[in-house]
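Here is the structure we will look at, set down as structure tokens.
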């Protein structure tokens, strides 16, 4: 079943259960997926990788907004962003821990025979492709820099 079909079913359930917070998050996901589907140059159907990228972008936007609201002491808006994040996160694949990412990247660096910071771009390209949706890009970047630096 495609993600958009799953979201449609979950929207119906949230409406029946009268869960406005969950409904707001689900509608945000559906809107972002439909927008991604109709973008210029987009394929007829979104791939699973494309869906994951959309969800990751939504999470990142919510985190950034929540951080801003937190610094401005706007707890009401901060809570809204956090609730939407909690609705979106279950649709993402299980995230790897920093420890798991480090182990994977050590193996990747040895496979690619990378030895210095000059190889950073090559390692990051492969790592981002192989860990798409499983790890945070910022964490991956930090670990690669640490291992190659």
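Listing for the model above:
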| item | result |
| --- | --- |
| Extension gain, residue 64 back to residue 119 (0.36 nm per residue minus Cα-Cα distance, nm) | 16.8 nm |
| Using alpha carbons only: equivalent-ellipsoid semi-axes of region 1-141, gyration tensor based, whole Å | 32, 20, 13 |
| Normalised contact order of the chain, rounded percent, pairs of Cα under 8 Å and 6 or more residues apart | 21 percent |
| Relative contact order (%) - region 3-91, alpha-carbon pairs under 8 angstrom, separation at least six | 31 percent |
| With Cα atoms, 0 to 90° folded angle of helix 75-88 axis to the chain main axis | 70 degrees |
| Chain lengthening between residue 82 and residue 49 when straightened (0.36 nm per residue, less Cα-Cα) | 9.5 nm |
| Between 0 and 90°, nearest 10: helix 3-16 axis offset from the chain longest Cα axis | 40 degrees |
| The chain: angle of helix 98-112 to the longest principal axis, Cα-based, in degrees nearest 10 | 40 degrees |
| Residue exposure sequence - 85, 15 - by fewest surrounding Cβ within 10 Å | 15, 85 |
| Burial order of peptide ranges 51-63, 26-38 (average beta-carbon count within 10 Å, highest first) | 51-63, 26-38 |
| Net length gained if the chain between residue 36 and residue 18 were fully extended (0.36 nm per residue, minus Cα distance) | 3.7 nm |
| Fewest-first sequence of 129, 12, 134 by Cβ atoms within 10 Å of each Cβ | 129, 12, 134 |
| Within a Gaussian network of the chain (alpha carbon springs, distance under 10 Å), most fluctuating of 110, 65, 97 | 110 |
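Rule-based calculations on the coordinates, nothing more; no lab input. Only a predicted model underlies this, so the values are computations on that prediction, with no experimental measurement involved. Because the Cβ atoms are built from the backbone with ideal geometry, glycine has one as well, and the counts that use them run over all protein chains shown.
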